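The values are calculated or read from the model by the stated rules, or taken from the named source; none is laboratory data. This structure is a prediction, so every number in the text was calculated from the model and none was measured. Cβ placement follows ideal geometry from the backbone for every residue including glycine, while neighbour counts extend to all protein chains displayed.
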Amino acid sequence: MDLQRTSEPQHQEIEVPTFEHRFVVPASVDDVARFHFATATFRALTLPALILKIHRQDPMAEGSITEFTLWMGPIPIHWKAEHSDVGHRGFTDTQTSGPMKTWVHRHRFESLSDDRTQVLDHIQYEHDSGWRGMRSTLLFSSPALKALFAWRSRVTRREVAALAKLRNLQKWS
């Protein structure tokens with residue numbers, strides 16, 4: 001976890017925690033973007049130990065909404081995110097309601113070659129104060145985020161490879 005300085009509307013600098021994770025997928029940037037924009041991807045990238053209930057999931061587009069509840073054991077975590085900066089090279093999801101005081105997650109896809117893409121996840125977040133903040137600090141700690149994004153890296157590589165293989169098979173049919 002890093003701390004990044006940002007300005008509030010009053011131009012007062014505050015420190016905002018950030019989390020960053022990078023990994024390379026042996027596939028084109030088109031394949032990586034196609035995978036991330038598919039509605040089934042959100043469920044695939046959720047840790048198997050968590051129960052996910054999707055209440056609303058608009059197709060990926062500027063202003064699209066995803067609303068869901070994650071069950072972490074007996075604890076329900078309600079979350080609503082709005083997507084912005086949607087394009088071939090990534091997108092941003094911003095929590096509009098949920099467990100965090102703020103959460104802005106930028107997903108970026110950078111082509112390294114025709115068949116290699118770097119995925120960068122950059123998250124700026126803040127925990128609330130009080131009980132709510134204690135709960136989110138426990139559930140969304142740096143070790144928990146590292147475990148989640150290690151899982152997401154493995155799933156992304158596996159699923160994008162499967163999609164590419166399927167597409168190649170379809171070419172020969």
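Here are the numbers for the structure shown:
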| read-out | value |
| --- | --- |
| Unmet criterion (only one of (1) of a type in the set (S, T, N, Q); (2) over 20 Å from His36 (Cβ atoms); (3) within 17 Å of the chain's Cα centre (by Cα)) for Ser153 | (2) |
| Test: residue in the range 10-22 that is modelled with pLDDT under 95 and among the acidic types (Asp, Glu) | yes |
| Residues being closer than 20 Å to Leu45 by Cα and touching a strand residue (DSSP E or B) at 6+ places or on another chain (Cβ under 6 Å) - total across the range 82-99 | 12 |
| Residues located in the range 82-96, provided they are in a strand (DSSP E or B) and over 21 Å from Lys146 (Cα atoms) | Glu82, His83, Ser84, Asp85, Val86, Gly87, Thr96 |
| Output for the range 140-152, where each listed residue is surrounded by fewer than 17 Cβ atoms within 10 Å (Cβ to Cβ) and within 19 Å of His78 (Cβ to Cβ) | Ala144 |
| The one condition in (1) of a type outside the set (Phe, Trp, Tyr); (2) closer than 24 Å to Leu52 by Cβ; (3) more than 13 Å from the chain's Cα centre (by Cα) that Gln124 fails to fulfil | (3) |
| Residue within the range 130-138 that is touching a residue at least 60 places away in the same chain (Cβ under 8 Å) and either more than 23 Å from Ser28 (Cβ to Cβ) or surrounded by 13 or more Cβ atoms within 10 Å (Cβ to Cβ) (or both) present | yes |
| Residues being in a strand (DSSP E or B) and acidic (Asp, Glu) - total across the range 97-145 | 3 |
| Filtered residues of the range 61-86 (kept if loosely packed, with under 14 Cβ neighbours inside 10 Å and touching a residue at least 24 places away in the same chain (Cβ under 8 Å)) | Ala61, Glu62, Ile75 |
| Failed criterion for Asp93 (all others in (1) modelled with pLDDT of 95 or more; (2) loosely packed, with under 15 Cβ neighbours inside 10 Å; (3) under 22 Å from Ser153 (Cα atoms); (4) not polar (S, T, N, Q) hold) | (2) |
| The range 11-63, residues that are on the phi > 0 side of the Ramachandran plot and out of contact with any strand residue (DSSP E or B) (no Cβ under 7 Å at 6 or more places or on another chain) | His11 |
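The rows are residues; the columns are (1) over 19 Å from Trp79 (Cβ atoms); (2) surrounded by 12 or more Cβ atoms within 10 Å (Cβ to Cβ); (3) without any contact (Cβ under 8 Å) to a residue 40 or more places away in the chain.
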position	(1), (2), (3)
Glu20	yes, yes, no
Val25	yes, yes, no
Val32	yes, yes, no
His36	no, yes, no
Thr41	no, yes, no
Thr46	no, yes, yes
Pro59	no, no, yes
